[in-house]
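Working notes, beginning with the structure itself.
We did not get these values from a lab; they are worked out from the coordinates using the rules stated. This one's a predicted model, so the numbers in the text were calculated from it and none came from an experiment. Note: ideal-geometry Cβ built from the backbone for every residue, glycine included; neighbour counts use all protein chains shown.
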Amino acid sequence: MIEQYRTHRLEFTDQTVREWDAIVLASDPESGVVLDRSAFYPGGGGQPPDHGVLLWGGVQTRIVDARRADDLYLIPAEGDPLPPAGTAVRGALDDARRTALMRTHSGLHLLSGVVFRDFGALVTGGNMEPGTARMDFNLEQVPADFRQRVEAACGLEIAADRRIDVKVLPRDEAFRLPDIIRTATDLLPPDLTEVRIVDIVGLDTQADGGTHVASTRQIGRLEIAKVENKGRGFRRLRVRVVD
Ligand SMILES: [Zn+2]
């Protein structure tokens, strides 16, 4: 969750950064570009990577993907010019995409908090695109008005405008949080010394590396578009985040 790359990850601690200055540490048309500082979320936990540009020497390099290996590599659009190592660049995120992903990701945490609290169901998987997502739950019995009840409860939690706090805790402290024990102790690598926690205060606490809005009202409206029955106890909720 807190990976040791040469790149300082600005979005870990400040999810509002959209533009910043950086130096290129490495650059190669095959593997991509490594920066000393970056706010590009590289993807993970169901959240796809940010898009954006690097501006330098009067040209731009569009960034369309990211890859984690020995370093954190930003993947340029095919055919775009590449800044050589040592170049000072200005990084800028595609704000519409990132902001939609933050609202969608926070919406999924809110949904998982509501479905656990009201129906006792645990999340088994999920994925998102800007503004749309699916989340899978383990839930044997589904009441007839399940979709309406979940959507209404999510609406109330959004209207309550709960704070969404992000903090980094030492492993031992994080693993004493009841919600973290419930959701993450099996999933986190044993050598992890620090855990990033996303806390919808009073509703849902998760170990998570993704980017989130600062309070639930910023999610907008969460629509439960569909509840699919994928087999014994396996329910897939398809959701939309709209204004
Ligand atoms: Zn998450």
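If I fit a long axis through the Cα atoms of helix 146-159 and take the longest principal axis of the Cα atoms of the chain, what angle between them do I get, 0 to 90°, rounded to 10?
For helix 146-159, the angle is close to 60 degrees.
Three principal axis extents, largest first, for the C-alpha atoms of the chain, in Å?
That works out to 60, 39, 34 Å along the principal axes.
For the pair Asp191 and Val17, what calculated FRET efficiency results from E = 1/(1 + (r/R0)^6), where r is the Cβ-Cβ distance and R0 = 30 Å, to the nearest 0.05?
Numbers: r = 28 Å, r/R0 = 0.95.
For R0 = 30 Å, the calculated efficiency reads 0.60.
Counting only GluC sites (Glu not before Pro) that sit in a DSSP loop (anything but H, G, I, E, B) with at most 16 other Cβ atoms within 10 Å, what is the longest stretch of the chain containing none of them?
Details: sites that count: Glu3, Glu30, Glu78, Glu140.
Longest stretch, sites excluded: 141-243.
In whole Å, what is the distance between the alpha-carbon centres of the range 64-100 and the range 197-234?
Using only Cα atoms to place each centre, the spacing works out to 28 Å.
Summing +1 for each Lys or Arg and -1 for each Asp or Glu, what net charge is found among the other residues whose Cβ lies under 12 Å from the Cβ of Val166?
Net local charge, Val166 excluded: -2.
Along the Cα→Cβ direction, 7 angstrom out, place labels at Arg221 and Gln4. What is the inter-label distance in nm?
Computed distance between label sites Arg221 and Gln4 equals 4.9 nm.
Could you tell me the largest-minus-smallest coordinate of the C-alpha atoms of the range 1-119 on each of the three principal axes, in descending order and whole angstroms?
54, 28, 24 Å, listed from the longest principal axis down.
For the range 106-157, how big is the tail of P(r) above 14 Å, as a whole percent of Cα pairs?
Working: 677 of 1326 pairs.
Considering the range 106-157, 51 percent of its Cα-Cα pairs are separated by more than 14 Å.
Considering only Ala39, Ala26, Phe137, whose Cα is most displaced toward the positive end of the charge dipole of the chain, charges sitting on Cβ of Lys, Arg (+1) and Asp, Glu (-1)?
Sorting the options by dipole projection puts first Phe137.
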